[in-house]
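Here's the structure, in structure tokens; my notes come after.
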Amino acid sequence: MKTTTLILTVAAGLMVLGTACKKENKVQQQGDFRALNAGPTPLSPCTDTLGPVILSGKISTNTTLNSNTLYYLDGVVAVEGATLTIQPGTIIRGLAGTPASGGNPGTPGGVLVITKTGFIDAQGTASCPIVFTSYRERSGIPAPGDWGGIVILGEAPTNRSTSSVVEGIPNNLAGGVTYDNTYGGSSTGDNSGILTHVRIEYAGWELAVDNELNGLTLGGVGNGTVIRNVEVFKSNDDGFEFFGGTVNASHLVSIDALDDALDFDNGYVGTIDTALVVVDPARADKSQSNGIESDNNAAGDSTATPITKPVLSHITLVGVSSAAAASITNGAPSGTGRYGRSAHIRRSSQTTLSKSIFIGFNNGIVFDQTPIISNSYNAYNNGQTVLTSVLSNAFVRPYAQEVSGVFTPLTTPSGNLGYTAAQSLNVRLVNPFVRPSEFGGAANYFPQASSPANSPVDAGAFVFGGTDWTGSWVRFQ
């Protein structure tokens, strides 16, 4: 069997193979709130009775994964020069890798990488989502970090070199085969495919100390790509991380990420419209877990363009239930875990943030170091960063500036609300610190009738009296 193609352990007839075609002629983006074409009818919806099939190495021929077959990701699986189509109801399980030890760099757990020339067509449905999960989901107790996660690499602009590589994904595959693991380019409209009604569980394999993958990593992904109705559940690092690019996303869910739920870096300039973030009350990261973290780039270079400036709206972000819980200093992974901020706008990044709700952290919306004093990039009052109709309810400081770990309260910017009392007295969501049942819907995160988040503000991911868009495809515990 060639290591440059899909390695199969069952009959080749379980795969539908075709010829490759140009990336830009595949799935086209639709309007943000239109229903999506669910794609082909699954052979047997929401089941995986055949197999197993081991996915390993490079996928370089058009391939379809069917919902009646059991699939495993073994190491880095790279889609290059081909389309990977995944039918509704398909479940893909990531295998464990080899931890680094004694000078051995280790090998990553199962990782799916869509390269610059690859394309993914993963259109699940609300009743039959596509699920990426742990190999232990069938037997045993799955845990965060059991496997790698999903990485999509595109050719949209970043403020780094086009030879940049996402941490945690070496370019060697099974049998020594290599692939292009770089991201970035000049095509703002680059199209890497479509993900909708997709759930990613227990990802974040740690290849080495401080070198983990996220649930969904997007490097230089363009706005021709569709990311909608995607959940990351119990990632061992960030939920969603955007390294540059222009991709727009909507209806995202991050539940119990160890580190940051939404992380922006390297010149990301897309939009995130409608997202629910719920922080893990049982663990925090040693690097401090934030709801949102935004950097221009890791070096903090304020001259690197494009400047990281996500446009964020209709976010509901729920931390922990008390100041004591938010002050924990003994969480996972090594007894040094700490919760950070609802949102940390730092290292010369900017943002446009509107119609959003942040609760459950000691510090709410926080700006980094001296730029706010010099009225530069991070100054929320000069048009570089714009906050509108944001409800920040923090236990200590709803809005703050942070210099070398020291927080200074900031006056609530005009057109926004800031509170320090219990959220039940102010923002008034239904019951945000009580976790819904496993697939019980998001009713507890809706505003109450008396909430200031209601019309005409319409802040948060849910509208009073409106429809719960999470449905049965979102997992809460």
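Laboratory data are not the source of any read-out in this text; all were calculated from the coordinates shown. Nothing here was measured: the structure is a model prediction, and the numbers come from that model. Virtual Cβ from ideal backbone geometry, glycine too; neighbours counted across all protein chains shown.
Quick notes
- Listed residue pairs exceeding 26 Å between alpha carbons, taken from Lys116/Lys309; Lys58/Lys309; Lys58/Lys286: Lys58/Lys309; Lys58/Lys286
- Unit charges on C-beta of K, R, D, E only; dipole of the chain, Debye: 460
- Added length on full extension, which subtracts the Cα-Cα distance from 0.36 nm per residue, Thr162 to Arg338: 59.9 nm
- Cα extents of the stretch 102-145 along the three principal axes, largest first (Å): 45, 35, 13
- Treating each Cα of the stretch 238-287 as an identical point scatterer and summing with the Debye formula, the log10 of I(q)/I(0) at q = 0.15, 0.17, 0.27 Å⁻¹ comes to -0.42, -0.53, -1.03.
- Peptide ranges 121-130, 238-247 listed from the most packed, as the mean C-beta count within 10 angstrom indicates: 238-247, 121-130
- Under 17 Å from the Ser186 label point (7 Å along Cα→beta-carbon), backbone N, the stretch 271-315: 305-306
- Cα-based equivalent ellipsoid, the stretch 158-290: semi-axes from gyration tensor eigenvalues, Å: 22, 20, 14
- Here the scattering of the stretch 49-142 is modelled by Debye summation over its C-alpha atoms, one equal scatterer each and no solvent; at q = 0.11, 0.14, 0.21, 0.24 Å⁻¹ the log10 of I(q)/I(0) is -0.34, -0.54, -1.08, -1.29.
- Size of the stretch 56-105 as Cα extents on the principal axes (Å, biggest first): 42, 24, 11
- Hull-based mean projected area of the stretch 96-248, where the convex hull spans the alpha carbons, in square nanometres: 9.5
- Of all beta bridges that DSSP places with both ends in the chain, some 15 percent have antiparallel geometry.
- Calculated on alpha-carbon atoms, Rg and Dmax of the chain in Å: 21.3, 65
- 5 angstrom amide H check on Leu429, placed H, neighbours 5+ away: Gln448
- Range of Cα positions in the stretch 148-217 per principal axis (Å), largest first: 32, 32, 26
- Relative contact order [Cα under 8 Å, 6+ residues apart], the chain, whole percent: 9
- Ranked list, fewest to most other Cβ atoms within 10 Å of each Cβ, for Tyr179, Tyr399: Tyr399, Tyr179
- With both labels modelled 7 Å from their Cα along Cα-to-Cβ, the Val396 to Ser327 distance reads 0.8 nm.
- Ratio of Rg to Rh over the stretch 253-357 (Cα coordinates, Kirkwood Rh, two decimals): 1.00
- Over the stretch 398-445, the fraction of Cα-Cα pairs per 10 Å bin, rounded to whole percents and listed from the shortest bin up, is 21, 31, 28, 18, 1.
- As computed over the stretch 383-477, the Cα convex hull volume per residue (Å³): 145
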